[in-house]
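Asks: My questions all concern the structure below.
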Amino acid sequence: MNIIIGNALKQGRNILSEMESKQLIKEIGIQTTEMKLATSKEEAVKFSEETGYPVVLKVASFDITHKSDAGGVKVGLKNGAEVSRAYEEILVSALKYNPKASVQGVTVQNMVKPGVEVIIGMTQDPQFGPVIMFGLGGVFVEILKDVSFKVVPLNRRDAHSMIKEIKGYRLLQGYRGQKPVDIDYLENILLKLSDFVDKNSSIKEIDLNPIFAYPDGASVVDARMVLN
């Protein structure tokens, strides 16, 4: 069993932190944003300077799944003063949202350039077992629900057809002068995630959303994993 998953289960947790989730997918060769956990505003400023501005700050709490709803995300921070202020605002907002939440601190991560937002996820189907999902990410998945599904394990043909099946495929091909995204790279993410899930029966749910897709790769901006 993977060390991160094993430690979480030993602690009686079935939800992995964003940092843990990103570490797992980074280990299987999927690119993500870099993260550090700050437990004080001074540490947040220090990590931000090491990372390089602009940065993103997010609340770190196992009790707060939807960070944005809790006011727990601040983006585009350009200097130490903004980071220090954002750190305090995040803690106040998070505890107002959930007064009983246990907050470990605030994560500092690099900002990545915008891209076409896609989502890749996994859930356990009662009949078929683990199922991989692909679709347009961000708010699109909530509003349009433009997604496709395939049962694990996937092969290259499965991954390719999943991507082509969504109605928003034209956005990935390039639209109104935009360059097409790297479809092969997205297929590789699907295949790597499928293999990871196939080898780890303790995974109940995965949500990589958004993933910013580019003409030359992609980067996972947010990640969430739930264990059985």
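Readers should treat all values here as calculations from the given coordinates under stated rules, not as data from a laboratory. All of these numbers come straight from a predicted model, not from anything done at the bench. Positions of Cβ are backbone-derived with ideal geometry, glycine not excepted, and every protein chain shown enters the neighbour counts.
Asks: Quick one: Cα convex hull volume of the chain, Å³ per residue?
Replies: Dividing the Cα hull volume of the chain by its residues yields 132 Å³.
Asks: Packing-wise, with mean Cβ within 10 Å as the measure, how do 112-120, 180-188 rank, highest first? Walk me through the numbers before you get to the answer.
Replies: Numbers: 112-120: 19.4, 180-188: 17.6.
Those peptides, ordered most packed to least, come out 112-120, 180-188.
Asks: Still on this structure, please answer the following. Could you give the length gained by full extension between LYS164 and LYS100, i.e. 0.36 nm per residue of separation minus their alpha carbon distance, to one decimal place?
Replies: Numbers: separation 64, 0.36 × 64 = 23.04 nm, distance 4.40 nm.
So the extension gain works out to 18.6 nm.
Asks: Out of region 1-105, which trypsin sites (Lys or Arg not before Pro) are coil in DSSP terms and have no more than 15 other C-beta atoms within 10 Å? Each step should come with its number before you reach the end.
Replies: Numbers: sites: LYS10, ARG13, LYS22, LYS26, LYS36, LYS41, LYS46, LYS58, LYS67, LYS74, LYS78, ARG85, LYS96, LYS100; in loops: ARG13, LYS67, LYS78, LYS100.
The qualifying sites are ARG13, LYS78, LYS100.
Asks: Between helix 18-27 and the chain, what is the angle of the helix's C-alpha long axis to the longest principal axis, kept within 0 to 90° and rounded to the nearest 10?
Replies: The two axes meet at around 50 degrees.
Asks: No solvent, one uniform scatterer per C-alpha: report log10 I(q)/I(0) for region 168-228 via the Debye equation at q = 0.25 1/Å, two decimals.
Replies: Results for region 168-228 at q = 0.25 Å⁻¹ read -1.07.
Asks: Using only the alpha carbons of region 34-110, determine the length spanned along each of the three principal axes and report them from longest to shortest in whole angstroms.
Replies: Result, largest extent first: 32, 18, 17 Å.
Asks: Something else about it: Near the amide H of GLU205, under 5 Å away, which other amide H atoms are found, from residues 5 or more places off or on another chain, if H is placed in the peptide plane?
Replies: For GLU205, whose amide H was placed from the backbone, the distant partners under 5 Å are VAL226.
Asks: So what J values fall out for region 135-149 if you push phi through Karplus, 6.51 cos²θ - 1.76 cosθ + 1.60 with θ = phi - 60°, rounded to Hz, Gly and Pro as x?
Replies: So the J values, rounded to whole Hz, are x, 5, x, x, 6, 4, 5, 6, 8, 8, 6, 8, 9, 10, 10.
Asks: If you don't mind, there's one more thing I want to ask. Sort out for me the Cα centre separation of region 161-177 from region 112-144, rounded to whole Å.
Replies: Computed from Cα coordinates, the inter-centre distance equals 14 Å.
Asks: For LYS204 and ILE3, FRET efficiency with R0 = 25 Å and r from the beta-carbon atoms, rounded to 0.05?
Replies: Numbers: r = 18 Å, r/R0 = 0.74.
After rounding, the FRET efficiency stands at 0.85.
Asks: While we're on this one: Given H placed 1.01 Å from N in the peptide plane, which residues other than close sequence neighbours of LEU77 have an amide H under 5 Å from its amide H?
Replies: Under 5 Å from the amide H of LEU77 lie the amide H atoms of VAL55, each far enough along the sequence or on another chain.
Asks: Helix 80-97 versus the longest principal axis of the chain: what is the Cα-based angle in degrees, 0 to 90, to the nearest 10?
Replies: For 80-97 against the chain, the angle is about 80 degrees.
Asks: Evaluate the distance, in nm, between pseudo-label points positioned 7 Å from the Cα of ASP216 and of LYS26 along their respective Cα→Cβ axes.
Replies: It is 2.2 nm.
Asks: Another question, then. Can you give me the long-range amide H partners of GLU34? Hydrogens built in the peptide plane at 1.01 Å from N, cutoff under 5 Å, separation of 5 or more residues or another chain.
Replies: When sequence neighbours closer than 5 places are left aside, the close amide H contacts are ASN110.
Asks: A further question on this structure: Would you work out which of LEU186, VAL108, THR51 lies farthest towards the positive end of the dipole of the chain, given +1 charges on the beta-carbon of Lys and Arg and -1 on that of Asp and Glu, about the Cα centre?
Replies: The one lying farthest along the dipole's positive direction is LEU186.
Asks: Which of LEU144, LEU91, LEU193 moves the most in a Gaussian network model of the chain with Cα springs under 10 Å?
Replies: Evaluated over the chain, the most mobile residue of the options is LEU144.
Asks: Go through region 126-228 and name the trypsin sites (Lys or Arg not before Pro) that are in a DSSP coil and have 14 or fewer other Cβ atoms within 10 Å of their Cβ. Present the calculation step by step, with values, prior to reporting the outcome.
Replies: Working: sites: LYS145, LYS150, ARG156, ARG157, LYS164, LYS167, ARG170, ARG176, LYS192, LYS199, LYS204, ARG224; in loops: LYS145, LYS167, ARG176.
Passing sites in region 126-228 are LYS145, LYS167, ARG176.
Asks: If you don't mind, there's one more thing I want to ask. Find how many whole Å separate the alpha carbon centroid of region 1-38 from the alpha carbon centroid of region 55-106.
Replies: 19 Å
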